[in-house]
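> If you scroll down you'll find the structure; I have some questions about it.
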Amino acid sequence: SKLAALFEHPLYNIPIPEVAEKDKLFIVNPLEKFSLHRSASDEWVSSSKAETLLPTGKTAYDTYPTWLKFHVGINRYELYPRQDPLLPTLLRDLATQRIVSSVQKSGGTQLKLIMTFPNYGQALFKPMKQTRDQETPIDFFYFSDFERHNAEIAAFHLDRILDFRRIPPVSGRLVNITKEIRDITTDKKLAKTFFISPAGNVCFYGECSYYCSTEHALCGKPDRLEGSMAALLPDKALAKRRSWRSPWRRSYHKSKKAEWELNPNYCAQVRETPPYDRGHRLLDLIDMTILDFLMGNMDRHHYETFEKFGNDTFLLHLDNGRGFGTHSRDEPSILAPLQQCCSIKKSTYLRLQLLATQPYLLSDLLREALAADPLAPVLAEPHLRALDRRLGKVLAVVGHCLAR
């Protein structure tokens, strides 16, 4: 396994700082049993009278569902550890656990559902909108592109291979529209949008600002539909997140350009603006830029952080569905922060160099990671080959900066 060899490499074993209590998202006593109760959120409450050891001989922590262990493990430095023993179980849960509730997620431009499991875990379901070999039409604006379920799956694995570990775990899943959405939804607005197509397939379209109409309905074969299942982060009532507008946000206008597209010295003013004027925030944003360039994602208008950790923490790379839309062309403007600031973390640069070498070729590693997904093959081969080409271009930009 190339992937196993990669994670054994010294560059993937640089220790994170020691995690103190203040660096944990949640401070819990693993000897206390937690009882879950149904509410609008994935709320869990401590039962302080619990025995240290349960009758089964397990500690209370052993009885937590995997999604709760994932939430409890989040800290200032990482969303999940490199060698996380929970990861295979969490991905399997996302792909196989019984769905007891499906409701539409409010907001956003396209249809997404929140799925709930019997153990109160929740996942964000993005349905299949286009086939693996379809490319985004050349005349489409980035803000009217489809969100792709397979891009969400591939982005999670790519983020892990780059050792950022800032995207929550995502698995592919084949969902039965009738039994796992239509028959169990309590969302009346969603329920009204189901119909049987002329071909006899079960379809629905939901409510949203783009692509929610009978012309853009999601149809099963006859009721089977592919989608991505992303583990939800802790409810914002339990762990507040802050949303930050990216300084290199696009104009989201058909003819206007953003300031960074017109001012080659734009980075100088970003460097003087909090929170980019100290710490590693700008370098973290450049990490995110490199991830986006590799998958061709032009739609990174915001990013989030956990409020508890202030400015000194990692960025969450959420909403990656507009990646992997084109393999035949690259979008150099995504790399503007790297080009204009000429800054990169040494550890990121060394890992990128490693991923351009034959034993650890980026396309081979991602192909291997995606082969284990229930919806494999997740990406068409040209997308995997494009990764190696784009990685070469990132290294060329860094080389140009070093030469300057």
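The values are calculated or read from the model by the stated rules, or taken from the named source; none is laboratory data. Everything quoted here is computed from the prediction, not taken from an experiment. We place every Cβ from the backbone using ideal geometry, glycine too, and count neighbours over all the protein chains shown. The accessibility values were calculated without ligands, DNA or RNA, using every heavy atom of the protein model including side chains. Shrake-Rupley method; radii C 1.70, N 1.55, O 1.52, S 1.80 Å.
> Amide H to amide H under 5 Å from G172: which residues, 5+ apart in sequence or cross-chain, H placed 1.01 Å off N in plane?
Hits under the 5 Å cutoff: M229, L375.
> Mind listing the phi-derived Karplus ³J(HN,Hα) values for the stretch 298-305, rounded to whole Hz, using 6.51, -1.76 and 1.60 with θ = phi - 60°, and x for any glycine or proline?
Computed from phi, the couplings for the stretch 298-305 are 9, 9, 9, 8, 9, 9, 10, 9 Hz.
> Going by amide H atoms built from the backbone, whose H comes under 5 Å of the H on S101, apart from near neighbours?
Residues meeting the amide H criterion: T116.
> Specify the residue with the greatest mean-square fluctuation among T273, T313, T66, computed from a Gaussian network of the chain linking alpha-carbon atoms under 10 Å apart.
For the chain, modelled as a Gaussian network with Cα springs under 10 Å, the answer is T273.
> Let me ask you something else. Please work out the FRET efficiency for the pair A20 and N265, using the Cβ-Cβ distance as r and a Förster radius of 35 Å; give the result to the nearest 0.05. Intermediate results must be reported in sequence, preceding the final value.
On the way: r = 40 Å, r/R0 = 1.14.
Given R0 = 35 Å and the Cβ-Cβ separation, E is 0.30.
> Taking the C-alpha atoms of the stretch 148-300, how large are the radius of gyration and the largest Cα-Cα span, Dmax, in Å?
Cα-based Rg and Dmax for the stretch 148-300 come out at 20.2, 60 Å.
> To continue, here is another question. Points 7 angstrom from Cα along the Cβ direction at T63 and K221: gap in nanometres?
The answer from the label model is 4.5 nm.
> Distances over 34 Å make up what percent of all Cα-Cα pairs in the chain? Write out the running numbers ahead of the final one.
Values: 25617 of 81406 pairs.
The share of Cα pairs beyond 34 Å in the chain comes to 31 percent.
> Right, something else. Is it possible to state the helix-based mean residue ellipticity at 222 nm for the chain, with each DSSP H run of 4+ residues giving -39500 (n - 2.57), the sum divided by total residues, to the nearest 500 deg cm²/dmol? What is it? Write down the numbers at each step before the final one.
Values: 12 runs with 115 residues, N = 404.
Value at 222 nm, helices only, nearest 500: -8000 deg cm²/dmol.
> Oh, and also: For the stretch 312-404, with the dipole built from +1 on Lys and Arg beta-carbon atoms and -1 on Asp and Glu ones, taken about the Cα centre, which of L391, L370, S343 lies farthest toward the positive end?
S343
> Here's a follow-up. Compare the Cα positions of S228, T214, N265 along the charge dipole of the stretch 160-284 (+1 at Cβ of Lys, Arg; -1 at Cβ of Asp, Glu; about the Cα centre) and return the one farthest towards the positive end.
Farthest towards the positive pole: N265.
> Rounding to the nearest 20 debye, state how big the charge dipole of the stretch 241-403 is about its Cα centre with +1 on each Lys and Arg Cβ and -1 on each Asp and Glu Cβ.
On the way: 23 positive and 19 negative charges, 76 e Å.
In debye, rounded to 20, the stretch 241-403 gives about 360.
> Could you give the dipole magnitude of the stretch 68-226 about its Cα centre, charging the beta-carbon of Lys and Arg +1 and that of Asp and Glu -1, in debye to the nearest 20? Provide the component values of the computation, followed by the final result.
On the way: 22 positive and 18 negative charges, 110 e Å.
Roughly 520 debye, rounded to the nearest 20.
> Check S251: other-chain or 5+ apart residues with amide H under 5 Å from its amide H, H built from backbone geometry?
A258
> Which value, in debye to the nearest 20, gives the size of the charge dipole of the chain about its Cα centre, when Lys and Arg are +1 and Asp and Glu are -1 at the Cβ? Working shown, then result.
Working: 55 positive and 47 negative charges, 85 e Å.
The calculated dipole for the chain is roughly 420 debye.
> At 1.4 Å probe radius, can you tell me the per residue accessible area of the chain in Å²?
On the way: 18620 Å² over 404 residues.
Spelled out: the 1.4 Å probe surface of the chain, per residue, equals 46 Å².
> log₁₀ I(q)/I(0) of the stretch 73-214 at q = 0.12, 0.15, 0.21 Å⁻¹, via Debye over equal Cα point scatterers, no solvent, to two decimals?
Values returned for q = 0.12, 0.15, 0.21 Å⁻¹ are -0.59, -0.89, -1.42.
> Hey, another quick one. Exceeding 21 Å between C-alpha atoms, which entries from my cross-link table qualify? They are K69/K236; K69/K240; K24/K345. Show your work: numbers first, answer last.
Working: K69/K236 17 Å; K69/K240 18 Å; K24/K345 24 Å.
Violating the 21 Å limit, Cα to Cα: K24/K345.
> Between L11 and A372, what length in nm is gained on full extension when 0.36 nm per residue of separation is reduced by their alpha carbon distance? If you can, show how the numbers build up before the last one.
Details: separation 361, 0.36 × 361 = 129.96 nm, distance 2.42 nm.
Additional length available on full extension: 127.5 nm.
> From the phi of every residue in the stretch 212-221, what ³J(HN,Hα) in whole Hz does the Karplus formula 6.51 cos²θ - 1.76 cosθ + 1.60 yield, where θ is phi - 60° and glycine or proline is x?
10, 7, 4, 5, 10, 5, 9, 10, x, 10
> Give, as ranges by residue number, the residues of the stretch 270-304 whose backbone N falls under 15 Å from the point 7 Å along Cα→Cβ of T109.
Answer for this model: 297-302.
> Have a look at the stretch 241-403 and give its Rg and Dmax from the Cα atoms, expressed in angstrom.
Over the stretch 241-403's Cα set, Rg and Dmax evaluate to 16.3, 46 Å.
> In whole Hz, with x marking every Gly and Pro, tabulate ³J(HN,Hα) for the stretch 224-239 from phi via Karplus 6.51 cos²θ - 1.76 cosθ + 1.60, θ = phi - 60°.
Ordered by residue, 3J(HN,Hα) equals 9, 9, 6, x, 9, 10, 9, 4, 6, 6, x, 3, 5, 5, 9, 9 Hz.
> Take the Cβ-Cβ distance between T186 and L402 as r, set R0 to 45 Å, and report the resulting FRET efficiency rounded to the nearest 0.05. Present the calculation step by step, with values, prior to reporting the outcome.
Working: r = 57 Å, r/R0 = 1.27.
Efficiency for this residue pair is about 0.20.
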